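Undergrad: First, the structure itself, so that you have it in front of you.
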């Protein structure tokens with residue numbers, strides 16, 4: 001009986017350690033206030049870097065309207081991944097300059113929304 005209790009206890013501790021290892025990054029990730037653009041911003045792999053690039057683009061482009069841009073991006077990204085929208089931007093020549101970089105329009109606009117959401 002003591003051996004069984006020991007094995008069950010060990011299995012429980014190992015299971016708890018595995019759950020903690022997989023869930024720990026979520027607990028230590030920086031928290032952001034919710035924004036009306038979270039559905040779009042979830043497509044960005046590096047929110048902080050995107051917001052930095054978006055802020056640089058917004059510093060030069062003062063006539064940015066976040067609501068209109070979000071609506072436009074929701075239509076553009078409705079049923080396809082970000083990579084497909086970027087490929088479409090490249091093939092159609094929709095490019096914007098941001099902080100010395102010439103980038104696809106969809107990516108720059110998502111970055112601008114990330115900057116506005118902070």
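Undergrad: If you go through the stretch 62-76 one residue at a time, how many are in a loop (DSSP other than H, G, I, E, B) and in contact (Cβ under 8 Å) with a residue 24 or more places away in the chain?
TA: 1
Undergrad: Still on this structure, please answer the following. Name the residues in the stretch 77-94 that are under 17 Å from residue 50 (Cβ atoms) and either outside any helix (DSSP H, G or I) or outside the structural domain of residue 57 (by TED's automatic domain parsing) (or both), would you?
TA: Passing the criteria: 77, 81.
Undergrad: Another question about this same structure. Regarding residue 56, is this residue within 23 Å of residue 98 (Cα to Cα), out of contact with any strand residue (DSSP E or B) (no Cβ under 9 Å at 6 or more places or on another chain), modelled with pLDDT of 85 or more and in a helix (DSSP H, G or I)?
TA: So residue 56 fails the test.
Undergrad: Moving on to the next point. Can you confirm whether residue 66 is buried (at least 20 other Cβ atoms within 10 Å of the Cβ) and either closer than 21 Å to residue 34 by Cβ or at pLDDT 95 or above (or both)?
TA: Considered against the rule, which asks whether it is buried (at least 20 other Cβ atoms within 10 Å of the Cβ) and either closer than 21 Å to residue 34 by Cβ or at pLDDT 95 or above (or both), residue 66 comes out as no.
The values are calculated or read from the model by the stated rules, or taken from the named source; none is laboratory data. All figures in this text were calculated on a predicted structure; none of them were measured in a lab. Ideal geometry is used to build each Cβ from the backbone, glycine not excepted, and the neighbour counts take in all protein chains shown.
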